[in-house]
1. Take the residues in the stretch 402-456 that are assigned to a loop (DSSP other than H, G, I, E, B) and hydroxyl-bearing (S, T, Y); name whichever of them is farthest from the chain's Cα centre (by Cα).
2. Name the residue that is nearest to M261 (Cα to Cα), counting only residues in the stretch 322-343 that are open to solvent by less than 20 Å² (accessible area, probe 1.4 Å) and touching a Leu at 6+ places or on another chain (Cβ under 6 Å).
3. Those residues that are of a type in the set (A, V, I, L, M, F, W, C) and within 21 Å of W240 (Cβ to Cβ), I need them from the stretch 381-435; list them, please.
4. Open to solvent by less than 20 Å² (accessible area, probe 1.4 Å), under 28 Å from D400 (Cβ atoms) and touching a helix residue (DSSP H, G or I) at 6+ places or on another chain (Cβ under 6 Å): does that describe F119?
5. Any chance you could count how many residues in the stretch 435-450 are within 16 Å of L351 (Cβ to Cβ) and either among the basic types (K, R) or surrounded by 12 or more Cβ atoms within 10 Å (Cβ to Cβ) (or both)?
6. Please verify whether V105 is open to solvent by less than 50 Å² (accessible area, probe 1.4 Å) and over 27 Å from Q46 (Cα atoms), treating the condition exactly as stated.
7. Can you tell me which residues in the stretch 129-182 are in contact with a strand residue (DSSP E or B) (Cβ under 9 Å, 6 or more places away or on another chain) and among the polar types (S, T, N, Q)?
Amino acid sequence: MNGKNVQGSRLSWKETLSFSSGEMGTNLLFAVTSAYLLVYYTNYAQINPAIVGTIMLISKIFDAVSDVAMGYIEERFAKPHAKARPWIKRMVVPYAASALLLFAVPEFNSTALQALYVFLTYNLFCTIYTMIVIPYNSLQALITQNEKDREMTGVLRSVFSTIASTIVNSFTMTFVEAAGNTKQSWLIVIGAYAVIALAVYVLCYKNTTERVVETKSAEGKEEKLGLKQSLQYVLENKYWWILTINGIVSSAVIALNMGSMFYYLAYVCQKPQSVAVVGMILSMPMLFLIPLSKPIVAKIGMKNGLVAGVLIMALGRVVVGIGGSASLSAIYLGSILFAVGCSTQWCSYPLLCNTVEYGEWKNGHRQEGMIMSANSFGSKCGTAVGTALCGWILQFSGYDGAAQVQSASALTGITVVYVVLPIVLNLFSAVILSFYKLEKEYPTIVKELQERKQGE
């Protein structure tokens, strides 16, 4: 089974921008849960950080199932030109509502009831996130097969993601304080983010078209793979493995950075007012760094761009580790380097799309849904691992959310989370990515797929 596309057709700017803006909807809510959910739980809802970390990690068992299930459901119930878009329409309101529930922890007298509420609402959010983000990621491979279009949507997705991250990292605490700096203040802020997410996803749904469809069998019917066969084909895709592992590691790094930034600046540096500044340094330069990275990536390749990026991110954390506790200048410089490294991470989107063609070339089946579940699985699993590590290390090191000054062991734990672990994980990511060779093989694979189609 080969994919059909309108040959020579390019995406309009309206469709390109409408699709790419959906990333802002995804990242506004996902970023705020990554950066501030642990802060909300520990400092506002007064929940034990170790309990939160454990719940988030255990929840990944359910997430792994939901990712695979959603990828299979998307494939199994797909209709021509309606494989991914319908799911965006169905899930956008539940996605916004589930985010609100995360930041609405009631006043419980029982720790067990408190933990149960966190467990249920966190898993609900993650499941609904899966049901919207896998179709959204699939849509990038369905609206076009053109590499230039995929690169452009990859860049623009990162730009919109950066806009969302800038809002979240730089202004969330300011918004919360302006709203009264209480538990209820979080609902006001998250509600505003949810409205924006709803609007851009509606725009994405209305202004995009699925062009790539499955070729029908000789009997005129579309062949549907069973779950076992679908999983087997995905697991045989070596490039899916590489990008999935990299996605887990990269998301863990971002979660560690976002989840511990407030603690590091407030307690290690004793500069809580610098949180907004560092948030802007990490996010706002990306608005021009990402477009500037595109011609550089065009010369060195997307895989090499990713590798260079994670190494620069590691260097940024080295700078912070050397002088961050004593100097805000080191924090700012290290954050700038971290942002420079992040500016090439958009390359993972088109590289992941290319694995769809690789899988089709290898086994004869297009599997956007199952392949794109790698992106969701990696993001959620990595985020959960990073957040869990934050919670465990904070608890183990003696962090006290009610204390104004933390113990020496707690400060060490915060430093490990913010500095040491990101360095180690970024270096590991560079090693994993070195095995990705599909970029060079892709033109030949697409040509062979086209020849197969012409021969049918």
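1. S407
2. S335
3. C381, A384, V385, L425, F428, A430, V431, I432, L433, F435, listed by residue number.
4. no
5. The number of residues fulfilling the criteria is 10.
6. So V105 fails the test.
7. Q145
Each row is one residue, and each column tells you yes or no for (1) surrounded by 24 or more Cβ atoms within 10 Å (Cβ to Cβ); (2) over 19 Å from I445 (Cβ atoms); (3) free of Cβ contacts under 8 Å to residues at least 40 places away in the same chain.
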{"residue": "L227", "(1), (2), (3)": "no, yes, no"}
{"residue": "S230", "(1), (2), (3)": "no, yes, no"}
{"residue": "Y233", "(1), (2), (3)": "no, no, no"}
{"residue": "L243", "(1), (2), (3)": "yes, no, no"}
{"residue": "N246", "(1), (2), (3)": "yes, yes, no"}
{"residue": "A252", "(1), (2), (3)": "yes, yes, no"}
{"residue": "N257", "(1), (2), (3)": "yes, yes, no"}
{"residue": "S260", "(1), (2), (3)": "yes, yes, no"}
{"residue": "Y267", "(1), (2), (3)": "no, yes, no"}
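The values are calculated or read from the model by the stated rules, or taken from the named source; none is laboratory data. The model shown is predicted, which means the values in this text are computed figures rather than measured ones. As a convention, Cβ positions derive from the backbone with ideal geometry for all residues, glycine included, and neighbour counts pool all protein chains shown. Keep in mind that these areas ignore ligands, DNA and RNA; they rest on the heavy atoms of the full protein, side chains included. Shrake-Rupley method; radii C 1.70, N 1.55, O 1.52, S 1.80 Å.
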